[in-house]
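Below: one structure, written as structure tokens.
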Amino acid sequence: MTETTKNWSDESVATLLATVGTNTPVSVELVNKAAEVLGKSARSVASKLRTLEMTVASMAVVKVPAFNEVEGAALRDFVQANAGSYTYKEIAENFLGGKFTAKQVQGKVLALELTSNVKATEKVVAARTYSEAEEAKFIKLASSGAFIEDIATALGKEINSIRGKALSLMRNGAISAIPVQKNSHAKADADKVDALGDSITTMTVAEIAAATEKTERGIRTLLTRRGINVADYKGADKAAKNAEKTAKAA
């Protein structure tokens, strides 16, 4: 994506070059330093350097395996010796004094192809927070164009609960879109994102941040709030998970 003149003025480019110097490839440390000096994201700085035909060191973080060879073998023995007895959470609690999280254990067990030896976790059925009558009223109000605040007042619910229910109903096809919030501090940011059109789904968070002059963190928050999936961030999926948490806590 081509960056606008507004995002990168001649002065900011000069500051960038003065900060990183002439060494090549430009190190991750220098990229981060330039980002701090210019008040931009590291990804945006790295992208600009590449457009200036400068080589930039990989920004990828090298992941260190959670399990070493000995620990991996020990986990294999433990799981096989207790086949069908423990869930991932219980394995984590009973293996090597709880050194690993349930998520780490699950990933390693998957790699070891031992998932059939793990006890299935019982699903917790969440209590229904909206009655059938409330849900029907919600759908009717949302379909008529009511604001989120109005629906919350009509149903006696918190706005976060209404937003979470809206996401759930939209995913189920009961409503076509999430109701608009009447008093939203994010309206200006949303307008800039809307201006990107359908092409936003092919862009990265860094590219969207550069195009809207916002931080990557702010863009991820906005994408989650609006339920939008882009090239390297699944806002809709994240929003659905948040909705489930909100529904369970309600």
Legend entry - Gain on full stretching of the segment that runs from GLU113 to ALA81 - 0.36 nm per residue minus C-alpha separation: 10.0 nm
Inset, instruction - Only loop residues by DSSP count here, and only those with at most 14 other Cβ atoms within 10 Å; note down the GluC sites (Glu not before Pro) in region 103-134 that meet that. - result: GLU113, GLU122
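About the Cα centre, and with charges only on the beta carbon of Lys, Arg (+1) and Asp, Glu (-1), how big is the dipole of the chain? Nearest 20 debye, please.
That gives the chain a dipole magnitude of about 580 debye.
Which of LYS157/LYS182; LYS182/LYS214; LYS123/LYS241 have a Cα-Cα distance over 18 Å?
On the way: LYS157/LYS182 16 Å; LYS182/LYS214 23 Å; LYS123/LYS241 16 Å.
Those over the limit are LYS182/LYS214.
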Inset, instruction - Report, by chain and number, residues whose modeled amide H sits under 5 Å from the one on VAL26, excluding near sequence neighbours (fewer than 5 apart, same chain). - result: THR55, VAL56, ALA57
Inset, instruction - Work out, step by step, the length gained on full extension between ASN94 and GLU244: first 0.36 nm times the residue separation, then minus their alpha carbon distance; give nm to one decimal. - result: 51.1 nm
Legend entry - Most positive-pole-ward Cα, ALA120, LEU96, ILE178, against dipole of region 89-184 from beta carbon charges: LEU96
Legend entry - THR121/GLU53 FRET efficiency (R0 41 Å; Cβ-Cβ; nearest 0.05): 0.20
Legend entry - Under the Karplus curve 6.51 cos²θ - 1.76 cosθ + 1.60, θ = phi - 60°, whole-Hz ³J(HN,Hα) for region 146-152, x wherever Gly or Pro sits: 5, 6, 4, 4, 5, 5, 4
Inset, instruction - Take region 52-92, drop everything but the C-alpha atoms, weight them equally and run the Debye formula without solvent; then report log10 I(q)/I(0) at 0.29 Å⁻¹ to two decimals. - result: -1.02
Inset, instruction - Among the listed pairs LYS137/LYS234; LYS103/LYS245; LYS119/LYS165, give every one whose C-alpha distance is greater than 21 Å. - result: LYS137/LYS234; LYS119/LYS165
Legend entry - Rel. contact order, % - alpha carbon contacts under 8 angstrom, at least six apart, the chain: 15
Legend entry - Under 5 Å, built H, 5+ apart or other chain: amide partners of ILE175: MET170
Legend entry - Label-point gap, in nm, between GLU149 and ALA174 - each point 7 angstrom along Cα→Cβ: 2.5
Inset, instruction - At 7 Å along the Cα-to-beta-carbon direction for both ALA231 and ASP198, put a label point, then send me their distance in nm to one decimal. - result: 1.8
Inset, instruction - Could you pull the Cα extents of the chain along its three principal axes, largest to smallest, in whole Å? - result: 61, 61, 25
Legend entry - Extreme residue, positive dipole direction of the chain, given options THR202, SER85, ALA152 (C-beta unit charges): ALA152
Inset, instruction - Leaving ligands, DNA and RNA out of it, report the carbon-plus-sulfur percent of the accessible area of region 116-179 at a 1.4 Å probe. - result: 51
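The values are calculated or read from the model by the stated rules, or taken from the named source; none is laboratory data. Nothing here was measured: the structure is a model prediction, and the numbers come from that model. Cβ: placed from backbone, ideal geometry, glycine included. Neighbour counts: every protein chain shown. Please note that ligands, DNA and RNA were not included when accessible areas were found on the heavy atoms of the full protein model with its side chains. Shrake-Rupley method; radii C 1.70, N 1.55, O 1.52, S 1.80 Å.
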